[in-house]
Amino acid sequence: MGLKDFKIKVSKENILHNYHYLKKLRNKDIISVVKANAYGHGIENIVRFLSENGCKNFAVARECEAEKILKLKIENINIIILETIDEIEILKNNKNIHMVINSFKDLLNLLDKGVSTQQLHLKLDFGFGRNGILEKDFFKLKELIKEKNLKFKGLCTHVFAADYDDMILIEKRFSQMLKELGDERFEIIHMQNSAGVISIEGEFCTHIRCGTILFGLQEIGYYDPCIKRAFKLNGRILDIKDIDDLKYIGYEKKENLNIGKYRKVAKIRLGYGDGFSKRSEGIMSIINNKKFKIVHISMDSSFILVDDSVKEGDNIEIFHDLEESINHLKVPHYEFLSCINDRIKRELI
């Protein structure tokens, strides 16, 4: 990595603050969701750091993410795969790998293949339509559990609704079904995602499932001022040129860009090849505590309109204002942050 390359700097202090704050807030252990490269923060570094600070349970979406954690060879942690997997050898070969059951058919299939229910979390779907055993199959589920006297590693659902009343309804229905199945059949019970941790008690749950909020990325409408952001995308100005000397800025003729009063353009080593989308053209960066517009993004470089206060080697921060970035890109922060790929180094500081 060159001196002027970009890095994602992740605050250990802020993540640890969030971890202990959320744990105390609900008085429950935490399942740390680290899918999508820990939402762009770097899965290996985050898992290693959190495990050193007492976290025992981690959740991922895919098999390949679980394999990355296994390669760290960390003892006494559990890895929960949230999506259905086809190749069950990873379960049979690693007793600390657990899987969420996302349909009644999945459950029957895994029981038939001899997978231990102590590696399975049943998931109930109350209308999300993504994953989980549907309510219409609940009677069959209850009868099967009773008939075979099954006990599972966990029971869970997903608080998907943005409306608070709907959240409360999901919590109530989940609690009722838990009672019918028997809470003694489940070692771990979890329903609260990041928004749910802030909004509902989940008093019958044993754990809270924290993803984006653990990293200080909060949902609109579910804001807690005690949560601290951990992510910074920083680099340095690689080069500065006078616009009058140029015909093109990147691949665009300068006449096609809204240059305005600016007579200089700065180049940085960050582009869509790093997962920094061209949709970010027009977004504001921060250099020397001033805002400057990113005017063009190519595969390996981006260009910023600057004034005489900006010098080669100056520090630049991208996505400084998350709300501003969300409004510009029209997508949630966890989408554009997790898109930054592994050409950009993650560094715990």
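The values are calculated or read from the model by the stated rules, or taken from the named source; none is laboratory data. In this text, all values refer to a predicted model and were calculated from it rather than measured experimentally. So basically every Cβ, Gly included, is an ideal-geometry build from the backbone, and we count neighbours across all protein chains shown. Accessible surface is based on the protein model in full, side chains and every heavy atom, while ligands, DNA and RNA are left aside. Shrake-Rupley method; radii C 1.70, N 1.55, O 1.52, S 1.80 Å.
Binning every alpha carbon pair distance of the chain at 20 Å from zero, what are the percents per bin?
Each 20 Å bin holds this share of Cα pairs: 28, 48, 21, 3, 0.
Please report the orientation-averaged projected area of the stretch 1-80, defined via the convex hull of its C-alpha atoms, in nm².
Averaged projected hull area, Cα only: 6.1 nm².
Considering only protein heavy atoms, with the full assembly of protein chains and a 1.4 angstrom probe, order 172, 254 by accessible area, largest first. Walk me through the numbers on the way to the answer.
Working: 172 125, 254 40 Å².
Final ranking, largest accessible area leading: 172, 254.
Ignoring solvent entirely, what values of log10 I(q)/I(0) come out of the Debye formula for the stretch 1-144 at 0.13, 0.14, 0.21 Å⁻¹ when each Cα is a single scatterer?
For the requested q values the scattering log ratios are -0.67, -0.76, -1.29.
Would you kindly calculate the translational diffusion coefficient of the stretch 162-318, applying Stokes-Einstein with the Kirkwood radius from alpha carbon pairs, for 37 °C and a viscosity of 0.692 mPa s, and quote it in µm² s⁻¹ without decimals? Write out the running numbers ahead of the final one.
On the way: Rh = 19.3 Å.
Stokes-Einstein gives a translational diffusion coefficient of 170 µm²/s.
Express in Å², to the nearest 10, the accessible area of residue 206 obtained by rolling a 1.4 Å probe over the protein heavy atoms while all chains stay in place.
Answer for residue 206: close to 50 Å² accessible.
Carbon and sulfur: what percent of the stretch 135-228's accessible surface (1.4 Å probe)? Walk me through the numbers before you get to the answer.
Values: 2150 of 4430 Å².
In the stretch 135-228, the share of accessible area belonging to carbon and sulfur is 49 percent.
Determine the alpha carbon to alpha carbon distance for each of 291/330; 264/290; 172/330 and list only those over 27 Å. Working shown, then result.
Working: 291/330 20 Å; 264/290 15 Å; 172/330 33 Å.
Flagged as over cut-off: 172/330.
Using all alpha carbons of the stretch 13-57, what is the percent of pairwise distances in each 5 Å bin, ordered from the shortest bin to the longest?
Histogramming the stretch 13-57 at 5 Å steps yields 5, 22, 32, 28, 11, 3 percent.
GNM on the chain, C-alpha springs below 10 Å: top fluctuator among 249, 297, 43?
It is 249.
Please give the charge dipole size of the chain, origin at the Cα centre, charges +1 on K and R Cβ atoms and -1 on D and E Cβ atoms. Round to the nearest 20 debye. Numbers along the way, then the final one.
Working: 56 positive and 52 negative charges, 115 e Å.
Computed about the Cα centre, the dipole is about 560 debye.
Any idea how far the Cα center of the stretch 227-289 sits from the one of the stretch 38-66, in Å?
One Cα centre to the other: 32 Å.
When we measure straight from the Cα of residue 9, which aspartates and glutamates land under 12 angstrom away, once same-chain ones fewer than 8 places off are left out?
317, 347
Between Rg and the Kirkwood Rh of the stretch 297-340, both from Cα atoms, what is the Rg to Rh ratio? Walk me through the numbers before you get to the answer.
Details: Rg = 12.8 Å, Rh = 12.5 Å.
Rg divided by Rh gives 1.02.
Report the Rg/Rh value for the stretch 68-172, based on alpha-carbon coordinates and the Kirkwood definition of Rh. Don't skip to the answer; put the middle values down first.
Values: Rg = 14.9 Å, Rh = 14.9 Å.
Ratio of gyration radius to Kirkwood radius for the stretch 68-172: 1.00.
Could you provide, to the nearest whole Å², the per residue accessible area of the chain with probe 1.4 Å?
For the chain, the per-residue accessible area is 48 Å².
Just reorder 276, 139, 204 by solvent-accessible area, largest first, 1.4 Å probe, all chains present. Mind dumping the intermediate values first?
On the way: 276 0, 139 130, 204 50 Å².
Per-residue accessible area, sorted high to low, gives 139, 204, 276.
From the convex hull of the Cα coordinates of the stretch 218-279, what is the mean projected area in square nanometres?
On the way: hull surface 27.9 nm².
Computed as one quarter of the Cα hull surface, the answer is 7.0 nm².
Which three extents, in whole angstrom, do the alpha-carbon atoms of the stretch 129-252 cover along their principal axes, largest first?
80, 32, 26
Grab every C-alpha pair in the stretch 123-196, bin the distances at 5 angstrom width from 0 up to the longest one, and report whole percents.
Answer for the stretch 123-196: a P(r) of 3, 16, 28, 27, 16, 8, 3, 1 percent.
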